[in-house]
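Chemist: Structure below; questions to follow.
The values are calculated or read from the model by the stated rules, or taken from the named source; none is laboratory data. This structure is a prediction, so every number in the text was calculated from the model and none was measured. Backbone-built Cβ (ideal geometry, glycine too); neighbour counts: all protein chains shown.
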Amino acid sequence: MANKSHPRASVKRLQIDKSQTTMLVTAAIAGFFLAFMLVGGRALISQIQYQNTVIGKKKEAVAQLRSNVQASVNLENSYKAFISTSQNVIGGNPQGSGSKDGDSAKIILDALPSKYDFPALTSSLEKIMSEQSMTIESITGSDDEVAQIKKESSPNPEPVGIPFSVAASGNYQSAQGLITSFNRSIRPFQIQKIQITGSQDKMSMIIEAQTFYQPAKNFNITKKVVK
């Protein structure tokens, strides 16, 4: 006679299977949420760290900006004090028109121009020699303006030499006065070689020298990507 399964055993087995299924589903859901929380938590922590970095960089930028604003105020005050003196930097009258007169700021700019300008240098040399009653025979040099354009602004400018040579004639006092004028000029002249011929009354000079200009300093506002 065949054995028949007891109805209660079947019901019990069914309940166990349903309980196991429920546990598996619950475990799967819990695992899903746990994985989601781990991934989401890691992304959230990464986002918080990024935002903190951005905030830190913004604070640095604000502090630098405030420092720059204060520096600009100090610079403006110093400039006003510099040009408002009763005498300029070489002892002349700031409002006058003589060889030693003029605004101190303009004198400084004339001393070390920010741009390469060989024709302007030639005019200055002609004026210096004429003031010493020297007869100008020649002013020579290389007009290197095209190549120097690339150097007209720089974050850290350095003086750039401009070589030239002049040939002039005059008496002994005029020749001596010319050398003295080069030495006392507000614009720096570096004499490298002097050739003198003739007599005390008629003296010819060839001077090889160089002067300088300094490119303007540029200020670049940059953007920084925070990663």
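Chemist: Give me the pairs: first residue in the range 38-62 and under 17 Å from LYS227 (Cβ atoms) and modelled with pLDDT of 70 or more, second residue exposed (fewer than 10 other Cβ atoms within 10 Å of the Cβ) and not polar (S, T, N, Q), beta-carbon distance under 8 Å, and six or more apart or on different chains, which are they?
Modeler: Matching pairs, first to second residue: LYS57/LYS224.
Residues are listed down the side, and each one gets a yes or a no for (1) assigned by TED's automatic domain parsing to the domain that holds LYS59; (2) closer than 14 Å to PHE118 by Cα; (3) assigned to a strand (DSSP E or B); (4) touching a strand residue (DSSP E or B) at 6+ places or on another chain (Cβ under 8 Å):
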position: ASP143; (1), (2), (3), (4): no, yes, no, no
position: PRO157; (1), (2), (3), (4): no, no, no, yes
position: ALA167; (1), (2), (3), (4): no, no, yes, yes
position: SER181; (1), (2), (3), (4): no, no, no, no
position: ILE186; (1), (2), (3), (4): no, no, no, no
position: LYS223; (1), (2), (3), (4): no, no, no, no
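Each row is one residue, and each column tells you yes or no for (1) under 26 Å from PHE219 (Cα atoms); (2) modelled with pLDDT of 85 or more.
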| residue | (1), (2) |
| --- | --- |
| GLN87 | no, yes |
| THR122 | no, yes |
| SER133 | no, yes |
| SER142 | no, no |
| PRO159 | yes, yes |
| ILE162 | yes, yes |
| ALA167 | no, yes |
| GLN176 | no, yes |
| GLY198 | no, yes |
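Chemist: How many of the residues making up the range 68-106 are basic (Lys, Arg), outside any loop (DSSP other than H, G, I, E, B) and surrounded by 13 or more Cβ atoms within 10 Å (Cβ to Cβ)? Full working, then the answer.
Modeler: Keep residues of the range 68-106 that are basic (Lys, Arg), which gives 80, 100, 106.
Okay, now just the ones that are also outside any loop (DSSP other than H, G, I, E, B), so 80, 106.
Narrowing further to those that are surrounded by 13 or more Cβ atoms within 10 Å (Cβ to Cβ): none.
Going through the range 68-106 one residue at a time, the tally reaches 0.
Chemist: Follow-up question, since we're still on this one. Output the residues belonging to the range 107-125 that are assigned to a loop (DSSP other than H, G, I, E, B) and among the small types (Gly, Ala, Ser).
Modeler: As a first pass, look at the range 107-125 and keep what is assigned to a loop (DSSP other than H, G, I, E, B): 112-117.
Residue satisfying the conditions is SER114 alone.
Chemist: For the range 186-209, indicate whether the set of residues that are of a type in the set (Ser, Thr, Tyr), within 34 Å of the chain's Cα centre (by Cα) and surrounded by 12 or more Cβ atoms within 10 Å (Cβ to Cβ) is non-empty.
Modeler: No.
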